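For reference, the structure discussed in these notes is given below.
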Amino acid sequence: MPNIFEGTVTCPAGGRFAVVVARYNRAITDKLLDGALVTLREHGVPDESIDVARVPGAWEIPVVAQRMARSGAYCAVLCLGAVIRGETTHDQYINRQVSDSLGQIAREFDVPVLFGILTCNTVEQAIHRAGGNVGNKGSECAEAALEMAQLLGRLP
């Protein structure tokens, strides 16, 4: 039988978590943050093991996520934001650069960097994904962070 590695949704011993959250579209991002914090707490992460950094918008998330990942202090970095399509293609440039940057940061520093940034066509879609009828993507991001931190801790 092969060796199977899989994480669980529990707090790793001594695990610290960083959350980088955009203030832009705050009515949405505050709900994402609330969902992430509730989920982390429900799975045994004490408040003193969670650091939250607020940034102006999604564009600024990668530089703060990189600083936190580079510090070596965190077992995961959760990135939360909401980019909503407008009348131009501006959202596409932001979404592409932020997603590419976060993936690169995760690989460079060997720490899970979770993509909890909504990329929606409408405000209504964002509301549904921030605690509405589609769930809370901040909560899902926190669950993935817990699982990935456990998994990386089990890998050789």
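Do we have Gly131 as more than 21 Å from Glu87 (Cα to Cα) and in contact with a Lys or Arg (Cβ under 7 Å, 6 or more places away or on another chain) here? When the stated conditions are applied, Gly131 passes them. Count of the range 11-57 residues, restricted to those that are part of a loop (DSSP other than H, G, I, E, B), among the aliphatic types (A, V, I, L, M) and surrounded by fewer than 22 Cβ atoms within 10 Å (Cβ to Cβ), is 1. When the range 85-103 is filtered for residues that are in a helix (DSSP H, G or I) and out of contact with any helix residue (DSSP H, G or I) (no Cβ under 7 Å at 6 or more places or on another chain), the ones remaining, listed by number, are His90, Asp91, Gln92, Tyr93, Asn95, Arg96, Gln97, Ser99, Asp100, Gly103.
For every residue, the table says whether it meets (1) at pLDDT below 95; (2) over 16 Å from Ala144 (Cβ atoms).
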| position | (1), (2) |
| --- | --- |
| Met1 | yes, yes |
| Ile4 | yes, yes |
| Val9 | yes, no |
| Gly15 | yes, no |
| Ala22 | no, yes |
| Ile28 | no, yes |
| Leu32 | no, no |
| Leu37 | no, no |
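Check the range 59-81 and report whether any residue there is β-branched (Val, Ile, Thr) and under 14 Å from Cys141 (Cα atoms). For the range 59-81, residues β-branched (Val, Ile, Thr) and under 14 Å from Cys141 (Cα atoms): present. For the range 124-156, a residue qualifies if it is farther than 21 Å from Arg16 by Cα, surrounded by fewer than 18 Cβ atoms within 10 Å (Cβ to Cβ) and aliphatic (A, V, I, L, M), and exactly one does: Val134. In this structure, does Ala65 turn out to be modelled with pLDDT of 95 or more, part of a helix (DSSP H, G or I) and surrounded by 16 or more Cβ atoms within 10 Å (Cβ to Cβ)? Yes; evaluated as a whole, the condition is true for this residue.
Restricting attention to the range 68-90, the residues being surrounded by 17 or more Cβ atoms within 10 Å (Cβ to Cβ), free of Cβ contacts under 8 Å to residues at least 60 places away in the same chain and over 13 Å from Val20 (Cβ atoms) number 2. Looking at the range 104-142, which of the residues that are part of a helix (DSSP H, G or I) and modelled with pLDDT under 95 is farthest from Ile94 (Cα to Cα)? Step by step, filter the range 104-142, then rank; the result is His128.
The values are calculated or read from the model by the stated rules, or taken from the named source; none is laboratory data. Here the structure is a predicted model, which means the values were calculated and not measured. Reconstructed Cβ throughout: ideal geometry from the backbone, glycine too, with neighbour counts over all protein chains shown.
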